[in-house]
Amino acid sequence: MNTFWLSLAPILWLTIIAALTGMIFDTAIVLGLYSIILLGIVIYHLHTLYCLDQWLRHSDYSYSTVPDRSGLWGVVFARLARFVRRSDKERLGLNISLERLQRATSALPEGIVILGDKDQIEWCNSSAELHLGLNLGMDAGQHISRMVRQVRFVAYLDAGDFSKPFLLNQTRFRDTLLSIQIVPYGDREKLLISRDVTRFEKLEIMRRDFVANVSHELRTPLTVIGGFLETLLEENKVSGDMEKNALRLMFDQATRMRRLVEDLLTLSRLENAGNNLAEEKVDIVKLLQELYQEAQSLSAGRHTISLDLVSHAMLLGSEDELRSAFENLISNAVRYTPENGVISLNWTVENGKGLFYVQDSGIGIEPNHIPRLTERFYRVDRSRSRETGGTGLGLAIVKHVLNRHQASMEITSQPGAGSIFRMWFPESRVLPAENVTE
Ligand code: ADP
């Protein structure tokens, strides 16, 4: 018999007994007694309901405090106690897992901050407290930009492009350099991961300084050696073909080393973060006309070179750096294009972006080499690069110059058919032409 019939049975029995006794005794007395007993039953149920309500409102939801009753209520409360006991167990399990997770994230050397949909701090681990000077107890709910008060960081957060980490110089608490990575997840929430990269940065600075110092120290002796060798060669101070050949070889190698040193120094200058970009109005047309003349003399009539100036727009940037980048592309086109080849230099504006490109009908490049060309000393054909006076640093310099101008490079090439090296400059750097005389 189910609980419903079990609880209804006493009322049914009472009704039957009342009906039978009503036939024998005074009906009014029987009905009165019947009503009083029914009222008692209703009061009992209402009181039990009240107890349940009180328990739901004020209890700690422990199964030991569930009201104790018999009959139908007893069955209901036993089920409730079982349910509460099961949830207690699950809650305990979840708490243990959560604590373990929190202990694990606290032990991480990376700082972790959970940001809500309005970039407010929801949780952070102890490494994040140390890195960013946070105090979870006091700062929870605060907007992250109130805690990390750096204009560049706020702009990075607002821009919403988190493909590259942000380097944060944290001088407020300790002199540290942090790499901040933001990972959006869920419903407009974010995970902020901070890493202390001070040591790596120091090593990188030491490496850069070392290369720059060695290059600098080598510059003077190489200039002296080159100068003497040149004088000896020019003034015909040595007799004998073997001696002359040896002298010529020494002079060529000294020149190559000087070029290498100059390129290394250029790279160090470009890499130096303290070296701010000169924001000048660069007359690209004038610059390219000069470079066109240089290309002609470098080619010495071996190629057909053309200059196509579709636009007279100027560029905002460093003239020296742009000259060096353009020069590298042009000299590569001359050096990697066999005799009678065709080379064109082009300047145009497409969809607001500045575009300089060099097209050649040269030896071309296999597709697998293209992604690595801007690495230092990466050369497809080492001996050809050397023979033509290459250092293997030209495209690395180009990449740095482009990065500093927020520009990008696109290389399309076909082995045996030639290459196109395109440089795209952002709209913000393209300026209208001044005093154009056409
Ligand atoms: P390098 O001084 O050796 O020319 P770069 O950094 O300027 O060094 O170029 C890297 C390599 O890219 C070159 O060694 C060459 O193999 C390849 N390369 C660059 N420009 C061209 C080009 N226009 N045509 C074919 N190969 C090229």
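The values are calculated or read from the model by the stated rules, or taken from the named source; none is laboratory data. What you see is a predicted model; the values in this text were computed from it and never measured. Counting neighbours? That spans all protein chains shown, and the Cβs are built from the backbone with ideal geometry, glycine included. Only protein heavy atoms, including side chains, enter the accessible area calculation; ligands, DNA and RNA are left aside. Shrake-Rupley method; radii C 1.70, N 1.55, O 1.52, S 1.80 Å.
Annotation note: of Ser306, Ser344, the sole residue that is away from the ligand (no atom under 13 Å from the Cβ), among the small types (Gly, Ala, Ser) and either modelled with pLDDT of 95 or more or out of contact with any Leu (no Cβ under 7 Å at 6 or more places or on another chain) (or both) is Ser306. Being without any contact (Cβ under 8 Å) to a residue 12 or more places away in the chain and of a type in the set (A, V, I, L, M, F, W, C) holds for only one residue in Ala104, Ala140, Ala128, and it is Ala104. Select from the stretch 360-377 the residues that are within 6 Å of the ligand (Cβ to nearest atom) and touching a Leu at 6+ places or on another chain (Cβ under 8 Å) and write down the one among them that is nearest to Arg256 (Cα to Cα). Ranking the qualifying residues of the stretch 360-377, first place goes to Leu373. Would you say Lys353 is among the basic types (Lys, Arg) and more than 13 Å from the ligand (Cβ to nearest atom)? Considered against the rule, which asks whether it is among the basic types (Lys, Arg) and more than 13 Å from the ligand (Cβ to nearest atom), Lys353 comes out as yes.
Yes or no, residue by residue, for (1) in contact with a Ser or Thr (Cβ under 8 Å, 6 or more places away or on another chain); (2) assigned to a helix (DSSP H, G or I); (3) at negative phi:
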residue	(1), (2), (3)
Gly141	no, no, no
Arg146	no, yes, yes
Tyr156	no, yes, yes
Leu167	yes, no, yes
Ser179	yes, no, yes
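The single condition from (1) part of a helix (DSSP H, G or I); (2) farther than 20 Å from Thr266 by Cβ that Arg208 fails is (2). If I filter the stretch 111-133 for residues that are in a loop (DSSP other than H, G, I, E, B), modelled with pLDDT of 90 or more and touching a helix residue (DSSP H, G or I) at 6+ places or on another chain (Cβ under 6 Å), do I get at least one hit? For the stretch 111-133, residues in a loop (DSSP other than H, G, I, E, B), modelled with pLDDT of 90 or more and touching a helix residue (DSSP H, G or I) at 6+ places or on another chain (Cβ under 6 Å): present.
Table: residues versus (1) within 16 Å of the ligand (Cβ to nearest atom); (2) among the acidic types (Asp, Glu); (3) open to solvent by less than 30 Å² (accessible area, probe 1.4 Å).
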residue: Leu249; (1), (2), (3): no, no, no
residue: Leu264; (1), (2), (3): yes, no, no
residue: Leu267; (1), (2), (3): yes, no, yes
residue: Glu290; (1), (2), (3): no, yes, no
residue: Leu298; (1), (2), (3): yes, no, no
residue: Ala333; (1), (2), (3): yes, no, yes
residue: Glu339; (1), (2), (3): yes, yes, no
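Of all the residues in the stretch 387-400, those that are over 18 Å from Leu298 (Cα atoms), touching a residue at least 60 places away in the same chain (Cβ under 8 Å) and either within 7 Å of the ligand (Cβ to nearest atom) or in contact with a Gly (Cβ under 8 Å, 6 or more places away or on another chain) (or both) number 3.
Per the conditions (1) away from the ligand (no atom under 11 Å from the Cβ); (2) at pLDDT below 95; (3) within 27 Å of Arg259 (Cα to Cα); (4) surrounded by fewer than 16 Cβ atoms within 10 Å (Cβ to Cβ), the sole criterion not satisfied by Glu438 is (3).
Apart from one condition, Gly418 fits all of (1) touching a strand residue (DSSP E or B) at 6+ places or on another chain (Cβ under 8 Å); (2) away from the ligand (no atom under 11 Å from the Cβ); the exception is (2). Checked against (1) more than 25 Å from Lys399 (Cβ to Cβ); (2) of a type in the set (Ser, Thr, Tyr); (3) modelled with pLDDT of 95 or more, Thr337 passes all but a single condition, namely (1). A search for C-beta distances below 8 Å between a residue of the stretch 401-429 that is touching a residue at least 24 places away in the same chain (Cβ under 8 Å) and in a loop (DSSP other than H, G, I, E, B) and any residue that is within 11 Å of the ligand (Cβ to nearest atom) and open to solvent by less than 30 Å² (accessible area, probe 1.4 Å), counting only pairs 6+ apart in sequence or on different chains, returns Pro415/Gly364; Pro415/Ile365; Gly416/Gly364; Ala417/Gly364.
When the stretch 162-215 is filtered for residues that are modelled with pLDDT under 90 and of a type in the set (S, T, N, Q), the ones remaining, listed by number, are Ser163, Asn169, Gln170, Thr171, Thr176. Return yes when Leu203 is assigned to a strand (DSSP E or B) and closer than 30 Å to Val148 by Cα and no when it is not. Spelling it out, it is not the case that Leu203 is assigned to a strand (DSSP E or B) and closer than 30 Å to Val148 by Cα.
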